[in-house]
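Peer 1: Structure incoming, see below.
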Amino acid sequence: MSQPELLSGLSAVANQYDAIFCDIWGVIHNGRQHFPPAYEALKRFKAERGPVVLISNSPRPRDSLVAQLASLGIMEDGFSAVISSGDATREYLRKFAPTGPAWRIGDPREQSLYEGIDIDLNGTPETAAFISCTSPYNDETDTVEQYRPQFEIAVQNRQVMICANPDKVVQRGDKIIICAGSLADLYASMGGEVIMAGKPYAPIYDMCYAELDRQTGRAHDKSRILAIGDGLPTDVLGANGQGLDLLFIAAGIHALEATDDSGKLDPLLLKKLLDVETAKARYVAEALRW
């Protein structure tokens, strides 16, 4: 596959696009602080070109995410809308809730996912009708393997796992932590059925297109949408599956794989990284900036 074009800034190609679908974590913040050049780039695009739809694999619904962004100094002048994996996942939770109790796996702070849904979250591996997974119980200390014994029981009971965050890992500050997607991978490898609605899967993109059409008052043109992200199995493969041009941010979770010993972006290493997944990116940048 062809080598991505190295961009010095978004301004070099902004006039080719009418809208942006931009990842959040790893592109505009790291969970501890926002990246001012990225925030400025999105503000400029929104003011000068068109809508910026933030697309996140967070299990939290939109309102919770907007509040989190504000706490990190990212205000609504930098985006037009926020669509989350949590928003897309709620439709599956409503469908499965009447079947019986859910075994809830995740941080209690992610309770907002369930607000307004009549769902019993008191199930166990032995008693649940299905699993709702938003994250490890403690993403600072848990390991994937510690879930295996309980997953063995759940697989035997044919419980479907609804995974609200397909991300496998994320960077928080200077640490890489596991996400719900890593637990879903283990469950699937053991023979369990997994349902996911976030990136790279279609439901979250369908919500983004609908929101974009609402923002502009007209039908979208995929060739005029630029996707931006740093996650290979989520942002990159998601954009590829939708036929969207992609700006790959190489300073994110794949930084060590795409940079040389001096920390400089290496186009050959990047291409090798993409080729492993039969993935492609039209553009690449070390970080998002105008």
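Rule-based calculations on the coordinates, nothing more; no lab input. Treat the numbers as computed from the prediction; the structure is a model and nothing was measured. Positions of Cβ are generated from backbone atoms using ideal geometry, with glycine treated the same way; all protein chains shown enter the neighbour counts.
Peer 1: Taking θ as phi - 60°, what are the ³J(HN,Hα) couplings along segment 109-124 by the Karplus curve (6.51, -1.76, 1.60), each to the nearest whole Hz, with x for Gly and Pro?
Peer 2: 5, 8, 4, 4, 4, 9, 4, x, 10, 7, 9, 8, 9, 9, x, 10
Peer 1: Please compare each pair in LYS95/LYS222; LYS222/LYS280; LYS199/LYS222; LYS95/LYS199; LYS43/LYS222 to a cut-off of 25 Å on the Cα-Cα distance and tell me which ones are over it.
Peer 2: Violating the 25 Å Cα-Cα cut-off are LYS95/LYS222.
Peer 1: Would you please report the Å³ per residue occupied by the convex hull of the alpha carbon atoms in segment 107-220?
Peer 2: Normalising the Cα hull of segment 107-220 by residue number yields 142 Å³.
Peer 1: Report relative contact order for segment 1-78 in percent, whole number only (criteria: Cα-Cα under 8 Å, sequence separation at least 6).
Peer 2: Worked out over segment 1-78, it gives 35 percent.
Peer 1: Another question, if that's okay. Which whole-number percentage describes the relative contact order of the chain, with Cα contacts under 8 Å and a sequence gap of 6 or more?
Peer 2: About 23 percent, as a whole number.
Peer 1: Can you give the local net charge around ARG148? Use residues other than it whose beta-carbon is closer than 13 angstrom to its beta-carbon, Lys and Arg +1, Asp and Glu -1.
Peer 2: -4
Peer 1: Using the alpha-carbon centroid of each, what span in Å lies between segment 107-140 and segment 58-92?
Peer 2: Going from one Cα centre to the other spans 19 Å.
Peer 1: What does the C-alpha gyration tensor say about the overall shape of segment 49-145? Classify as rounded when a/c is under 1.5, otherwise prolate if a/b is larger than b/c, or oblate.
Peer 2: prolate
Peer 1: Quickly work out the GLN33-to-ASN138 label distance, labels modelled 7 Å from Cα along the C-beta direction, and quote it in nm with one decimal.
Peer 2: Result for the modelled spin labels: 2.8 nm.
Peer 1: Return the sequence-ordered ³J(HN,Hα) values of segment 18-29 in whole Hz as given by the Karplus equation 6.51 cos²θ - 1.76 cosθ + 1.60 applied to θ = phi - 60°, using x for Gly and Pro.
Peer 2: Taking θ as phi minus 60°, the curve returns 9, 7, 10, 10, 10, 4, 9, 6, x, 10, 10, 7 Hz for segment 18-29.
Peer 1: What Kirkwood hydrodynamic radius do you get for segment 1-88 when you take the inverse of the mean 1/r over all pairs of distinct Cα atoms, in Å?
Peer 2: Radius from the Kirkwood sum: 13.6 Å.
Peer 1: Counting only other residues whose beta carbon sits under 9 Å from that of VAL27, what net charge do I get with K and R as +1, D and E as -1?
Peer 2: -3
Peer 1: Another question, if that's okay. Determine the relative contact order of segment 88-196: mean sequence separation of Cα pairs under 8 Å and six or more apart, normalised by residue count, in whole percent.
Peer 2: About 25 percent, as a whole number.
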